Each structure stands twice: as structure tokens, then as C-alpha cells.
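Data first, discussion second: the structure below is written as C-alpha cells.
Derivation of every value follows stated rules applied to the coordinates shown; laboratory data play no part. These figures come from a predicted structure and were not determined experimentally. Positions of Cβ are backbone-derived with ideal geometry, glycine not excepted, and every protein chain shown enters the neighbour counts.
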Amino acid sequence: MSSPINAGRFRTAAAADTSLVRISNERAALSQIALQPGLSAAEISREAQLAPQTVGKILVDLESRGLLKRGEVRRGARGQPATPIFLAPEGAFALGCELGWRHCSVHLVNIAGRVVGEVRWTYAFPDAATLLDAIAAAMRRLVGDLPEALRSRVIGLALAAPSGIALQVEALGGSAEDAQRWVGVDVREQLEAKGGYKTTLYNDGNAACWGELAAMQKPRPGTFAFFLVSTFIPAGIVADGRLWEGHTGEAADLGLMITTTRDGEQRFVHSVAGLYALQKQLEAAGKAPACPDPATWDWDGMGPVLDDWLDEAGHALAKAIANTAAVIGSNLSVVDGLMPRPVVMRYIESVRRHLELMPALPDRRPLVIAGQQGMAAASKGAALLLLFRSYFSGDREHFPAE
């Protein structure tokens with residue numbers, strides 16, 4: 001199961017003796033409870049390097065806020081009986097939303113990382129006149145499904161969205177007027193007003209990358225690149241245990257790397273390796289999908305069109321992966337997609353085949369593995385990222401304002 005908490009080299013909270021001591025210590029204790037469920041107070045004290053009295057006060061406070069629960073007392077061992085401490089899954093919730101080019105997902109995730117509700121729908125292009133209202137309605141539905149006593153524990157909305165929405169609306173089939181409606185729209189501000197929750201905006205690739213990281217088994221890799229085959233190619237990088245967002249929060253747009261097609265044309269990886277490219281090729285062959293949702297496409301009936309796209313897309317993404325590996329110093333890339341699982345695996349095999357044909361140092365040939373989150377990656381990942389930064393992160397920039 002995915003979790004908002006990281007492990008190993010990832011920066012969970014650590015005890016501090018400078019400013020914001022109370023928050024630092026609380027997050028240090030809560031991180032240990034999440035990482036090692038069932039620890040006793042004494043064990044939390046040792047693991048978090050906090051005084052027993054400090055831990056005792058923190059646990060009382062966390063319990064009063066509904067963030068932890070105590071198990072049955074363990075007896076029979078030497079010393080005093082110990083009470084195991086666990087996260088309370090219903091202690092906090094976050095809404096996550098992916099505003100995609102041709103689909104939208106809204107998830108409600110609890111502090112233990114479990115999805116407790118989701119809504120997903122597709123469209124030909126993102127329509128500013130209706131989409132934000134639809135997201136707000138999905139939020140109300142998911143929160144309304146919670147018991148009334150728990151609804152106040154929803155901490156906010158984490159919105160995963162691409163930048164420059166207006167730039168692609170016409171390419172996806174909308175009109176110039178449809179594109180113009182997005183100009184000047186502050187999506188975060190609008191959703192905050194319509195949905196009623198504090199909204200945090202994340203790049204869609206970064207959110208999806210975090211969702212994949214959270215789903216990985218321990219020990220998680222410290223550095224890797226992530227690519228999601230969607231309409232285009234949202235991507236993200238984890239470097240030294242941290243999500244790399246850059247000063248704009250939109251770094252690692254790896255789909256903007258340049259590739260050369262088999263015809264010698266230079267194009268963005270986005271426009272070759274994503275599902276938009278496949279759809280255009282299907283339309284040219286008279287096999288246009290009737291619905292924008294890839295889950296409904298007739299994948300078995302695509303024949304040579306699919307074969308050609310997989311080859312060209314695999315070549316383009318292989319180039320992006322090889323170049324990314326050289327920059328970040330890691331030979332690991334994770335690839336997932338919105339296609340049916342067998343097609344995702346064929347895509348990955350194409351990427352691997354093209355990587356084998358590219359020059360690489362013997363010990364630096366990129367390794368490509370399949371992701372696990374698929375369509376849920378960005379929406380769920382955004383919610384998990386908000387929960388992590390609200391309760392576990394040791395970075396001071398993620399602490400609440402006093």
C-alpha cells in the first residue's frame with residue numbers, strides 16, 4: 001500500500017534543538033510511528049532521539065487530535081509492559097486532483113496512504129467553462145461520503161496540473177475561444193473558492209513521481225527518473241531522496257527534451273512518445289478512437305499503427321532516459337502509462353530495446369522498470385505529497401506558520 005511517509009535516506013522529520021522545536025519534535029515522533037508501526041513510547045524516544053518526557057507529551061497531544069491510537073498492552077517481556085502506538089488512519093485526509101489534458105481524477109486519501117474514495121472522468125479537451133465546477137462537485141461528493149465527524153479532518157486539496165493549459169487546447173480539438181477562456185485563470189485560486197479547501201498546486205509530473213515513490217517497496221531508491229505515458233509525458237525526478245521541483249515548482253519537464261524521428265525531424269518527446277501522437281496516427285489510418293479514454297480504445301484492433309507508434313515512442317523515450325541518466329547520476333528510470341497493462345509492458349520493452357542500441361558506459365546503461373500507479377499516479381501522489389509535507393517532512397519550508 002502506498003504511504004505518505006518515506007524511508008531510508010528520505011528526509012522525514014528529525015529532532016531539533018533550534019527554532020520550531022515543538023513542530024520538529026512532533027514530526028520526528030510521528031515519522032517513527034508511521035515508519036515502524038507498533039513501537040512503544042520508549043522505543044519512539046530512542047528512535048527519534050527525544051527525551052521520554054518529551055515523547056510522552058507529544059503522544060498525548062497527537063492522541064487528543066486523533067492522529068494516533070494505542071494497541072493492546074504487550075506483557076511478558078522484561079521490564080514494564082509496553083503499549084504499541086499506531087497511526088490512526090482516520091486522523092487526517094487529503095484530497096488529490098489531477099487536472100489532465102483529457103481526463104480528471106479526484107482522490108480522497110487518508111494519512112496512512114489508503115484511498116478511501118475516487119472519481120474519474122474523461123473529455124476531449126479541458127473546458128474552463130465546466131471543468132473547475134466539476135472538480136468542486138467531485139470534492140463535495142467524496143467528502144460527503146465520509147462520516148460527518150471526520151469531514152473536518154480533510155486538510156485541503158492538492159492539485160496536480162500541467163503548466164500552460166491554454167497552449168494545447170486547440171491542438172486537442174478545442175476552439176480558439178476555448179483556449180482563450182484559460183488565459184488569466186488562476187486555477188488554484190478558483191478551485192479554492194469553488195471547493196472550499198485550501199489548495200496547493202503541484203506540477204502533474206512531480207505529483208505522479210511522488211505517487212510512484214510512495215508505492216515502492218523498501219528500500220526505496222534514492223535517485224531515479226519517472227515518466228508517465230499519458231496524453232503527453234509528465235515526468236519527475238527524485239534526487240538524493242528529495243523530489244526535485246526547482247525554483248518554479250515545475251522542474252523536470254523531461255518531455256520537453258528534443259528527439260529526432262526516423263524521418264530526421266526534431267520534435268519534443270511529448271509529441272512523439274505520448275498518447276496524443278498515437279491518436280493522431282490512428283486518425284490518419286481511419287481508426288480514430290470514439291472516446292478520449294484510453295481504457296476504452298480497441299487496442300487489439302490497432303495492428304501496425306500501434307506497432308509503429310510503440311517503436312517510435314520507445315526510441316524517443318529511450319533518448320530522454322539516457323540523457324536524464326547522464327545528468328542525475330542514476331541509471332534507474334520508472335515508466336508507467338494509462339494504457340492497458342500488456343501495452344505498458346510492450347512500451348517498456350520497446351524503450352529497453354532502443355536503449356540497448358544506444359552508446360553507454362558498461363556500468364551506466366539505464367535500467368527501466370515498470371511503475372505501479374497508472375492512472376492514479378498524479379492525483380493520488382498529490383494527496384500523499386500534501387500529507388507528507390503537512391505531518392512528516394523535516395524541511396522547515398513545510399512547517400506551518402506559527
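Roughly speaking, what is the centre-to-centre gap between the range 111-177 and the range 179-233 when only Cα atoms are used, to the nearest Å? The range 111-177 and the range 179-233 have Cα centres spaced 11 Å from each other.
Rg to Rh ratio, the range 217-371, alpha-carbon atoms and Kirkwood radius? A ratio of 0.97.
Of all lysines in the structure, the ones whose alpha carbon falls short of 23 Å from that of Lys218, not counting any fewer than 8 places away in one chain, are Lys380.
Placing unit charges on each Cβ (+1 for Lys and Arg, -1 for Asp and Glu) gives the range 280-358 a dipole about its Cα centre, and among Leu338, Met302, Pro289 the Cα reaching farthest toward its positive end belongs to Leu338.
Positive-end ranking of Ile58, Ser379, Phe232 along the dipole of the chain, with charges on Cβ about the Cα centre, is headed by Ile58.
Fully extending the segment from Gln36 to Ile258, taken as 0.36 nm per residue of separation minus the present Cα-Cα distance, adds 75.5 nm. Using the basic label-point model (7 angstrom from Cα toward the beta carbon), what is the Leu150 to Arg341 distance in nanometres? According to this spin-label approximation, the distance is 2.7 nm. Across all directions, the shadow cast by the convex hull of the chain built on its C-alpha atoms averages 22.6 square nanometres. Ordered by the count of other Cβ atoms within 10 Å of each Cβ, fewest first, Val183, Val343, Val55, Val305 give Val183, Val305, Val343, Val55. Shown here for the range 108-172: trypsin sites (Lys or Arg not before Pro) in loop regions (DSSP other than H, G, I, E, B) with at most 14 other Cβ atoms within 10 Å, namely Arg114.
The long axis of helix 204-215 is offset from the longest Cα principal axis of the chain by roughly 50 degrees.
So which trypsin sites (Lys or Arg not before Pro) in the range 229-304 pass both tests, a DSSP loop state and at most 12 other Cβ atoms within 10 Å of the Cβ?
Sparse-neighbourhood loop trypsin sites (Lys or Arg not before Pro): Arg262.
Computed over the range 310-353, the P(r) tail beyond 14 angstrom holds 47 percent of alpha carbon pairs.
Here is the tail figure for the range 65-211: Cα pairs spaced more than 24 Å apart come to 41 percent of all pairs.
Taking a ≥ b ≥ c as the square roots of the eigenvalues of the Cα gyration tensor, the range 126-282 is oblate, since a/c reaches 1.5 or more and a/b is not larger than b/c.
The ratio of the alpha-carbon radius of gyration of the range 273-319 to the globular-protein estimate 2.2 N^0.38 Å is 1.10. Taking the Cα centre of the chain as reference, the dipole from Cβ charges on Lys and Arg (+1) and Asp and Glu (-1) amounts to some 1640 debye. Only the Cβ atoms of Lys and Arg (+1) and of Asp and Glu (-1) were treated as charged; on that basis the dipole of the range 21-87 about its Cα centre amounts to roughly 100 debye. Need the C-alpha centroid separation for the range 279-296 versus the range 28-57, integer Å. The range 279-296 and the range 28-57 have Cα centres separated by 54 Å. Modelled spin-label separation between Ala124 and Val73, with each label point placed 7 Å from Cα along the Cα-to-Cβ direction: 6.8 nm. Starting from a Cα-only point model with no solvent, please compute log10 I(q)/I(0) by Debye for the range 21-87 at q = 0.19 1/Å. One equal scatterer on each Cα of the range 21-87 leads to -0.65. For the range 37-50, the Karplus equation 6.51 cos²θ - 1.76 cosθ + 1.60, evaluated at θ = phi - 60°, returns couplings of x, x, 5, 7, 4, 5, 5, 4, 4, 5, 5, 8, 6, 10 Hz by residue, with Gly and Pro reported as x. Placing dummy labels 7 Å off each Cα toward the beta-carbon, the span from His247 to Glu43 is 4.6 nm.
Order by neighbour count: His270, His315, His398, fewest other Cβ atoms within 10 Å first, most last.
His398, His315, His270
Residues whose amide H comes within less than 5 Å of that of Gly337, counting only those at least five positions distant or on another chain, are Val229, Gly374 (H built at 1.01 Å from N in the peptide plane). Taking the range 189-228 and a reference point 7 angstrom along Cα→Cβ of Met358, the backbone N atoms nearer than 17 Å belong to 224-228.
Going from the residue with the fewest nearby Cβ atoms within 10 Å to the one with the most, Asp178, Asp186, Asp263, Asp253 rank Asp263, Asp186, Asp178, Asp253.
Take the Cβ atoms of Val327 and Ala171, set R0 to 25 Å, and the FRET efficiency comes out at 0.30. Helical content alone sets the calculated 222 nm signal of the chain at -11500 deg cm²/dmol, taking -39,500 (n - 2.57) per DSSP H segment of four or more residues and averaging over every residue. Evaluated with a Cβ-only charge set (Lys, Arg +1; Asp, Glu -1), the range 329-402 carries a dipole of roughly 300 debye about its Cα centre, given to the nearest 20. In the chain, taking the dipole from charged Cβ atoms about the Cα centre, the farthest positive-side position among Phe125, His270, Thr223 is held by Thr223.
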